[in-house]
Amino acid sequence: MKISVIAVGKIKEKYFTDAVREYSKRLSRYCRLEILEVPDEKTPEGASQALEEQIKEREGQRILSALKEDAYVIALAIQGKRRTSPELAAHLEQLTVRGVSHLCFVIGGSLGLSEAVLARADEKLSFSDMTFPHQLMRVILLEQIYRSFRIMRGEPYHK
């Protein structure tokens, strides 16, 4: 199984990069993990809604150009489907049974994902109604993917 994470922006804080590195190492037992960062756009203070949409579109084009044709795309979006950890594990396992060999999770920038990216996604996944910093979301996502593999293999995990 190949898992890609396409994320807008770079992680700046060392504690987030350390956590991403740790989960990447743990996941190497279960899958081939690839993390791609696409540049984010600076959003000026007090930007108009039209400017924010333009920024999301520019970031979205970068995401779309990084997506592979064979990837099953799961966009992280507040309006997506919510799953418990066991439900996510079962869903990922079901995707592999259906022949999906490349999963690609997409994390937007501070303004979210463009309509074009959401339209390209095969599904949308929500972790909460709350908004999280995209840097933290990368860590949360990797932890949940790791937890899913542990659940799928019947290995112990912290509840």
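The values are calculated or read from the model by the stated rules, or taken from the named source; none is laboratory data. Everything numeric in this text was worked out from a predicted model, so none of it was measured. Neighbour counts are summed over all protein chains in view; Cβ atoms, including those assigned to glycine, are modelled from backbone coordinates with ideal geometry. Ligands, DNA and RNA are excluded from the accessible area calculation, which covers all protein heavy atoms including side chains. Shrake-Rupley method; radii C 1.70, N 1.55, O 1.52, S 1.80 Å.
Being touching a Phe, Trp or Tyr at 6+ places or on another chain (Cβ under 8 Å) and not basic (Lys, Arg) is true for just one of ASP70, ASP122. Which residue is that?
Only one candidate qualifies: ASP122.
Determine, yes or no, whether ARG21 is closer than 20 Å to PRO133 by Cα and of a type outside the set (Val, Ile, Thr).
yes
Within the range 1-24, track down each residue that is among the basic types (Lys, Arg) and under 16 Å from the mean Cα position of the chain (by Cα).
LYS2, LYS10, ARG21
Take the residues in the range 27-47 that are out of contact with any Ser or Thr (no Cβ under 9 Å at 6 or more places or on another chain) and among the acidic types (Asp, Glu), then tell me which one is surrounded by the most Cβ atoms within 10 Å (Cβ to Cβ).
Selected residue: GLU41.
Residue check: is THR43 among the polar types (S, T, N, Q) and part of a loop (DSSP other than H, G, I, E, B)?
When the stated conditions are applied, THR43 passes them.
Which residue pairs have Cβ atoms under 7 Å apart, sit 6 or more places apart or on different chains, and have a first residue in the range 107-126 that is touching a residue at least 60 places away in the same chain (Cβ under 8 Å) and on the phi < 0 side of the Ramachandran plot and a second that is assigned to a loop (DSSP other than H, G, I, E, B) and open to solvent by 10 Å² or more (accessible area, probe 1.4 Å)?
Note: pairs meeting the criteria are GLY109/ASP40; SER110/THR43; LEU111/THR43.
From the list LYS10, LYS42, LYS25, which residue is of a type in the set (Lys, Arg), without any contact (Cβ under 8 Å) to a residue 12 or more places away in the chain and under 17 Å from GLY109 (Cα atoms)?
LYS42
Inspect the range 18-26 for any residue being modelled with pLDDT of 95 or more, surrounded by 18 or more Cβ atoms within 10 Å (Cβ to Cβ), aromatic (Phe, Trp, Tyr) and touching a helix residue (DSSP H, G or I) at 6+ places or on another chain (Cβ under 6 Å) and give the result as yes or no.
Yes, that holds for at least one residue.
Among the numbered criteria (1) assigned to a helix (DSSP H, G or I); (2) polar (S, T, N, Q); (3) over 22 Å from ILE3 (Cβ atoms), which single criterion is violated by SER24?
(3)
Taking strands (runs of 3 or more DSSP E) that fall entirely within the range 48-145, which contain at least 1 residues that are open to solvent by less than 20 Å² (accessible area, probe 1.4 Å) and of a type in the set (Val, Ile, Thr)?
72-82, 102-107
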